[in-house]
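Engineer: One structure, as structure tokens, below. Some questions next.
The values are calculated or read from the model by the stated rules, or taken from the named source; none is laboratory data. This is a predicted model, so every value here is computed, not measured. Cβ coordinates were reconstructed from backbone atoms using ideal geometry, including for glycine residues, and neighbour counts include every protein chain displayed. To get the accessible areas, we keep the full protein, side chains included, count just its heavy atoms, and leave off ligands, DNA and RNA. Shrake-Rupley method; radii C 1.70, N 1.55, O 1.52, S 1.80 Å.
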Amino acid sequence: MGTKERVVIKLSGSLFGDNAADELKKYARMLLEISSETQPVVVAGGGNVARHYINIARGFGSDEASLDIMGIEVSRLNARLLIAALGDNAYPAVPSDLEQVSQAADGGKIVVTGGLHPGQSTNATAALIAEKVKAKKFLNATDVDGIYDSDPNKNKGAKLFKDITVKKCFELLGSENSAAGTYDLMDIVALKVIERSKIPTVVLKSDPSTIKNAIANKATGTRIIV
Ligand code: UTP
């Protein structure tokens, strides 16, 4: 059981929005296809719905840890929706800590999880999961093509990195101009985990065919060199 190489795929919470019915059908098909060769462990983000709840509750004066828990709950609900799309091909429950993720993965089915711990992003959680399940690859599927040298939404001339070192990622995080944009893609906790366990990581545009290409080792998005 569970002898295939594992890949951890972080899916942005934006997938679970208005077009979720169509989108998730496509992603489920893709996950099924790749699962003939590799075992996907998917981490769902919280997206706008999480931000919606968090913003309202922050207005009510909730503490930040409670807001994080709210975000985690939304990401777990998103995970359930993808599990529903995958049917019997998925492990039927949403794990709530790293050990549960690892036990679920040992069953060999596609595992779908949401956030785990307050105080960190889904990206950091996904990196920790990749470490825990000894994933051969960590794909961070986002709504941009990869890591740019500055925020592409603000700067038309922003340059996309094909490869980037972890050290350079830390530098980008530290530089004022691009902090916000880069934070969304890879935060410090995620980078530290990738670095210490040398997890091959790609930040790429969330699209079923792009994800398939990355799994087939075709160059796409930004590869983080560890
Ligand atoms: P994210 O902001 O990571 O969701 O989680 P997302 O959809 O992946 O974001 P994008 O759109 O792809 O960039 C939503 C919120 O849930 C809490 C945090 O408050 C986070 O902002 N969260 C999530 C945690 O506290 N811990 C986790 O492990 C995951």
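Engineer: Estimate the FRET efficiency between Glu5 and Gln103 by the formula 1/(1 + (r/R0)^6), using the beta-carbon distance for r and 22 Å for R0, to the nearest 0.05.
Structural biologist: 0.75
Engineer: Within the chain, what percent of beta bridges assigned by DSSP are antiparallel, to the nearest 5?
Structural biologist: Roughly 15 percent of the beta bridges in the chain run antiparallel, per DSSP.
Engineer: Any idea which of Val41, Ile72, Tyr27 is furthest toward the positive side of the dipole for segment 26-99, if Lys and Arg beta-carbons carry +1 and Asp and Glu beta-carbons -1?
Structural biologist: Tyr27
Engineer: So, one more: Using a 1.4 angstrom probe on the protein heavy atoms only, line up Tyr27, Tyr148, Tyr53 by accessible area, largest first.
Structural biologist: Largest accessible area first, the list is Tyr53, Tyr148, Tyr27.
Engineer: Still on this model: Please list 38-51, 72-85 highest first by mean number of surrounding beta-carbon atoms within 10 Å per residue.
Structural biologist: Order by mean packing, descending: 38-51, 72-85.
Engineer: How far apart, in nanometres, would the label points at Ile56 and Asp88 be if each is projected 7 angstrom from Cα along the Cα-to-Cβ direction?
Structural biologist: The answer from the label model is 3.9 nm.
Engineer: Over the chain, what relative contact order in percent results from Cα pairs under 8 Å that are six or more residues apart?
Structural biologist: 22
Engineer: Averaged per residue, what accessible surface does the chain expose to a 1.4 Å probe, in Å²?
Structural biologist: Heavy-atom SASA per residue in the chain reads 51 Å².
Engineer: Can you spot the lysines whose alpha carbon is less than 23 Å from Lys168's alpha carbon? Ignore those fewer than 8 places along the same chain.
Structural biologist: The reachable lysines, counting only those whose Cα sits under 23 Å from Lys168, are Lys10, Lys136, Lys137, Lys154, Lys156, Lys159, Lys192, Lys198, Lys205, Lys218.
Engineer: Given labels modelled 7 Å from the Cα in the Cβ direction, how far is it in nm from Thr38 to His117?
Structural biologist: Taking the simple label geometry, Thr38 and His117 are separated by 2.6 nm.
Engineer: Also, quick follow-up: List the residues, sorted by chain then number, that are 5 or more residues from Lys137 or on another chain and whose placed amide H is less than 5 Å from its amide H.
Structural biologist: Distant-sequence amide H within range of Lys137: Val8.
Engineer: With +1 on each Lys and Arg Cβ and -1 on each Asp and Glu Cβ, how big is the dipole of the chain about its Cα centre, in debye rounded to the nearest 20?
Structural biologist: It works out to roughly 680 debye.
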